[in-house]
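Below you'll find the structure, written out as structure tokens, and then a few comments.
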Amino acid sequence: MKTSDAVLIAESLKGRFAEGTYSRRARAVLEHRRIAFKQGHWIVVLSGFVEPILYLFSFGYGVGKLVGRIQVTPGHWVSYAQFIAPALLATSAMNGAIYDSTWNVFFRLKYDGTYKAMLATSLGPLDVALGEIGWALFRGLIYATGFTAIVMPLGIIKGWYGLLAIPAAVIIAFGFASIGMLYTTYAKSFAQMDWVNIVMLPLFLFSGSLYPLSIYPEWLRYVIEALPLYHGIQIVRCLSLGIIQWSLLVHVAYFVVMIGIGVTFTTRRMRALFMR
Amino acid sequence: MSTIDPATGGKEPLIIARGLRKEYGDFTAVDGIDFQVNRGDSFGFLGPNGAGKSTTMRIIAATLTRSGGDISILGKDPEVRGPEIRAHLGVVPQQDNLDNSLTVEDNLYVYGRYFGLSRTFIRNKIEELLAFAQLEEKRGVKVEALSGGMKRRLTIARALVSEPEILMLDEPTTGLDPQARHILWDRLFRLKEQGVTLLITTHYMDEAEQLCDRLMVMDKGRIMAEDSPANLIKTYSTKEVLEVRFGSDRNAQFADQLRSMSDRIEVLPDRVLMYSDDCESLLHEIVSKGMQPTTSLVRRSSLEDVFLRLTGRSLVE
Ligand SMILES: Nc1ncnc2c1ncn2[C@@H]1O[C@H](COP(=O)(O)OP(=O)(O)OP(=O)(O)O)[C@@H](O)[C@H]1O
Ligand SMILES: [Mg+2]
């Protein structure tokens with residue numbers, strides 16, 4: 001028998017790092033998701049896209065009239081809409097990433113054999129984890145790009161550095177998608193999945209999105225600073241306002257760690273769930 | 001590359017298991033089994049529900065980690081080289097795991113992509129596979145709208161997308177109508193002729209006899225016997241079986257007398273089975289001794305007789 005293409009492809013990876021876990025083919029999983037989405041629910045995506053815009057108009061212009069300008073760094077004053085827009089962008093990146101990496105993954109884990117089928121081929125568990133996380137990330141990216149496209153012409157996010165909000169959204173979505181999927185691999189019931197929604201709203205409201213953390217007592221500030229969305233908002237806010245400072249590295253590092261933990265342990269969970 | 005062992009008649013061993021074990025908690029599903037499958041074999045796993053067939057198949061398919069013992073597939077350890085081993089295999093799991101939200105065609109397409117195959121390769125392959133599974137008319141239909149048998153056929157077709165040299169089928173024809181079963185047997189036979197190694201589990205003895213040249217009978221995680229179908233019948237049964245019925249109360253009454261006439265008999269509630277190489281004369285003898293059965297049947301021994309002898313008649317749960 002002649003050697004099949006499938007075998008030649010698999011053998012070309014021989015001796016590479018983590019060959020039993022990763023076949024460098026996460027894009028096949030992404031492609032599957034894209035094909036499945038063609039027939040999917042655009043309306044759900046649209047609603048997630050519109051939500052931050054509504055917040056921006058209601059709070060940015062309404063509440064903005066009452067609060068006036070806000071100081072972000074010494075001497076740097078911005079309008080209220082400019083203050084909350086980066087937070088809304090970071091939050092929509094989070095929401096998009098969480099939506100796909102939690103509920104949708106939950107259904108696939110529990111009610112169809114997709115992952116089992118994938119892992120019976122020459123894919124490895126890391127391919128599956130990265131593909132699924134990548135798809136969720138993509139949704140966060142779409143939300144963030146759409147938001148930027150609407151907000152930039154209004155002058156709320158401006159300058160070439162305003163565009164840096166988009167790579168920032170990718171980092172944020174990647175972090176949340178990784179952790180979201182990891183959580184989902186442990187979830188057993190719908191009730192446990194509901195917790196995701198219960199946690200996300202306060203995370204948005206209290207992470208320095210609608211007002212600066214300086215309003216809080218010191219101890220509470222430390223608590224918020226330990227939470228991921230705070231760092232996400234800071235990344236987008238600094239980049240989109242052109243505030244380049246060392247603390248940005250800390251915020252980015254927070255997400256790098258989040259991604260590392262999420263991807264590593266999701267991969268282990270996929271192995272534990274489907275190959276043991 | 002694997003070495004060729006003269007002891008196997010020059011055939012290249014593809015799968016070698018030694019003391020293979022699988023435990024789920026305290027429960028032992030596979031209890032230290034040894035077997036070997038050579039290239040070109042068509043190898044069948046038989047055994048009652050819970051015997052450990054699917055578990056063994058999944059370990060071979062590198063989708064289940066073993067608890068002990070050794071296994072090598074194409075000379076590789078599935079624990080270390082999972083993806084590479086799986087690239088050689090076509091897997092039909094006991095339960096279909098198609099993506100119900102995709103069409104028939106897209107199911108084949110995405111599966112091919114998992115192996116890294118090119119779009120054009122898969123597009124051409126899909127035509128061949130749709131014809132194979134006789135699903136051409138259903139190509140654009142979502143899988144959730146297929147009948148059970150159609151899904152099964154699609155799962156089997158999907159396993160062939162990567163042109164595997166080892167095809168693993170876990171109860172492939174459960175749920176198929178007789179036409180589809182016979183067509184599938186024919187297709188599998190052709191694959192075998194092309195040199196594809198087949199691993200099959202089944203509860204249908206006729207299927208095992210049709211398709212497999214070697215059979216392994218398992219029970220409670222152990223191997224009860226392993227040989228060709230013909231040799232199994234030779235070793236574990238007689239040439240023929242005589243089935244006699246005397247009516248349910250008299251079956252037991254004659255049992256002792258019948259027992260003296262044959263090496264092995266089985267008294268069942270509705271009939272008595274007697275094993276002998278010459279059942280016609282046995283029947284004469286019974287009648288001449290004044291025991292007139294209400295019905296009698298002489299038939300050739302089958303694999304089913306072997307199976308029941310090795311694994312018992314009762315349901316053990
Ligand atoms: N994930 C699991 N956790 C615990 N026990 C399991 C698991 N999978 C299988 N078992 C047990 O292992 C034993 C062997 O199961 P297996 O599926 O291999 O049987 P089988 O021979 O394929 O049976 P069948 O003919 O019914 O398909 C069974 O007793 C089953 O209950
Ligand atoms: Mg089984």
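The values are calculated or read from the model by the stated rules, or taken from the named source; none is laboratory data. Because the structure is predicted, anything quoted here is derived from the model rather than measured. Neighbour counts are summed over all protein chains in view; Cβ atoms, including those assigned to glycine, are modelled from backbone coordinates with ideal geometry.
With the requirement that a residue be of a type in the set (A, V, I, L, M, F, W, C) and either at pLDDT 90 or above or surrounded by 18 or more Cβ atoms within 10 Å (Cβ to Cβ) (or both), what does segment B:266-276 give you? The answer is B:V272, B:L273, B:M274. The set of residues in segment A:267-276 being assigned to a helix (DSSP H, G or I) and within 14 Å of chain B (Cβ to nearest Cβ) consists of A:T267, A:R268, A:M270, A:R271, A:A272, A:L273, A:F274.
Out of B:G25, B:G47, report the one residue that is buried (at least 22 other Cβ atoms within 10 Å of the Cβ) and not aliphatic (A, V, I, L, M). Steps first, answer last, please.
On the way: B:G25 fails: buried (at least 22 other Cβ atoms within 10 Å of the Cβ).
Just one listed residue meets the conditions, B:G47.
In segment B:158-180, the qualifying residues are those that are assigned to a loop (DSSP other than H, G, I, E, B) and more than 16 Å from ligand 2 (Cβ to nearest atom), and the one that is nearest to the chain's Cα centre (by Cα) is B:L176. Does any residue of segment A:235-257 turn out to be in contact (Cβ under 8 Å) with a residue 40 or more places away in the chain, within 16 Å of ligand 1 (Cβ to nearest atom) and of a type outside the set (F, W, Y)? No, segment A:235-257 contains no residue that is in contact (Cβ under 8 Å) with a residue 40 or more places away in the chain, within 16 Å of ligand 1 (Cβ to nearest atom) and of a type outside the set (F, W, Y). From the list B:A157, B:A133, the lone residue that is at pLDDT below 95 and more than 10 Å from chain A (Cβ to nearest Cβ) is B:A133.
With away from ligand 2 (no atom under 16 Å from the Cβ), within 14 Å of chain A (Cβ to nearest Cβ) and not charged (D, E, K, R) as the only criterion, which of B:Q253, B:Q257, B:Q210, B:Q194 stands out? Give the steps one after another, and end with the answer.
Working: B:Q253 fails: within 14 Å of chain A (Cβ to nearest Cβ); B:Q257 fails: within 14 Å of chain A (Cβ to nearest Cβ); B:Q210 fails: within 14 Å of chain A (Cβ to nearest Cβ).
It is B:Q194.
Check off (1) within 7 Å of chain A (Cβ to nearest Cβ); (2) free of Cβ contacts under 8 Å to residues at least 60 places away in the same chain; (3) touching a helix residue (DSSP H, G or I) at 6+ places or on another chain (Cβ under 8 Å) for B:K76 and give me the number that stays unchecked. With (1) within 7 Å of chain A (Cβ to nearest Cβ); (2) free of Cβ contacts under 8 Å to residues at least 60 places away in the same chain; (3) touching a helix residue (DSSP H, G or I) at 6+ places or on another chain (Cβ under 8 Å) applied to B:K76, the lone miss is (1). The sole residue among B:I183, B:I200 that is within 16 Å of ligand 1 (Cβ to nearest atom) and outside any loop (DSSP other than H, G, I, E, B) is B:I200.
For segment A:10-24, name all the residues that are at pLDDT 90 or above and not β-branched (V, I, T). Full working, then the answer.
Initial filter on segment A:10-24 (at pLDDT 90 or above): A:10-12, A:21-24.
Listed by number, the residues that qualify are A:A10, A:E11, A:S12, A:Y22, A:S23, A:R24.
For B:T174, are the conditions met, namely being more than 11 Å from chain A (Cβ to nearest Cβ) and of a type outside the set (G, A, S)? In short, yes. Listed by position, the helices (runs of 4 or more DSSP H) inside segment B:61-156 whose residues that are in contact with a Ser or Thr (Cβ under 6 Å, 6 or more places away or on another chain) number at least 3 form an empty set.
Go through segment B:277-317 and give me each residue that's basic (K, R) and surrounded by fewer than 11 Cβ atoms within 10 Å (Cβ to Cβ). So that I can check it myself, show each step before the final result.
Step one: of segment B:277-317, the residues basic (K, R) are B:289, B:299-300, B:309, B:313.
Correct list: B:R313 only.
Could you tell me how many of the residues in segment B:157-175 are within 16 Å of ligand 1 (Cβ to nearest atom) and either of a type in the set (S, T, N, Q) or surrounded by fewer than 19 Cβ atoms within 10 Å (Cβ to Cβ) (or both)?
Total meeting the criteria: 3.
Checking each residue in segment A:1-60 for being more than 9 Å from every other protein chain (Cβ to nearest Cβ), part of a loop (DSSP other than H, G, I, E, B) and either under 24 Å from the mean Cα position of the chain (by Cα) or on the phi > 0 side of the Ramachandran plot (or both) picks out A:G15, A:A18, A:H41.
The residue that is farthest from B:D213 (Cα to Cα), counting only those in segment B:16-65 that are within 10 Å of ligand 2 (Cβ to nearest atom) and touching a helix residue (DSSP H, G or I) at 6+ places or on another chain (Cβ under 9 Å), is B:A51. Can you name the residue in segment B:181-191 that is surrounded by fewer than 21 Cβ atoms within 10 Å (Cβ to Cβ) and of a type in the set (A, V, I, L, M, F, W, C) and, of all such residues, is nearest to ligand 2 (Cβ to nearest atom)? Filtering first and then ranking leaves B:W185. Condition (residue is polar (S, T, N, Q) and in contact with a helix residue (DSSP H, G or I) (Cβ under 9 Å, 6 or more places away or on another chain)) applied to segment B:144-152: is it met by at least one residue? The answer is no, given that none of the residues of segment B:144-152 is polar (S, T, N, Q) and in contact with a helix residue (DSSP H, G or I) (Cβ under 9 Å, 6 or more places away or on another chain). Restricting the first member to segment A:213-228 and to residues that are touching a residue at least 40 places away in the same chain (Cβ under 8 Å), and the second to residues that are outside any helix (DSSP H, G or I) and crowded, with 16+ Cβ neighbours inside 10 Å, the beta-carbon pairs closer than 9 Å and six or more apart or on different chains are A:P228/A:S207.
Pick out, from segment A:164-266, the helices (runs of 4 or more DSSP H) lying fully within it that include 1 or more residues that are of a type in the set (G, A, S).
Values: elements: A:165-186, A:190-206, A:218-225, A:228-240.
Hits in segment A:164-266: A:165-186, A:190-206, A:228-240.
Per-residue answers, yes or no, for (1) under 23 Å from B:K192 (Cα atoms); (2) buried (at least 20 other Cβ atoms within 10 Å of the Cβ); (3) touching a Pro at 6+ places or on another chain (Cβ under 9 Å); (4) not hydroxyl-bearing (S, T, Y):
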site	(1), (2), (3), (4)
B:R58	yes, yes, yes, yes
B:T63	no, yes, yes, no
B:N107	no, yes, no, yes
B:F115	yes, yes, no, yes
B:R123	no, no, no, yes
B:E137	no, no, no, yes
B:V141	no, no, no, yes
B:G148	no, no, no, yes
B:T155	yes, yes, yes, no
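Is there any pair with a first residue in segment A:109-125 that is surrounded by fewer than 19 Cβ atoms within 10 Å (Cβ to Cβ) and a second that is not polar (S, T, N, Q) whose Cβ atoms are under 6 Å apart and which are 6 or more apart or on different chains, and what are they? Sorted first by the residue in segment A:109-125, then by its partner, the pairs are A:K116/A:F274. Within segment B:107-124, residues that are more than 8 Å from chain A (Cβ to nearest Cβ) reach partners that are not in a helix (DSSP H, G or I) with beta carbons closer than 8 Å, at six or more positions or on different chains, in the pairs B:N107/B:L98; B:N107/B:D99; B:L108/B:V161; B:G112/B:V161; B:G112/B:S162; B:I122/B:V161.
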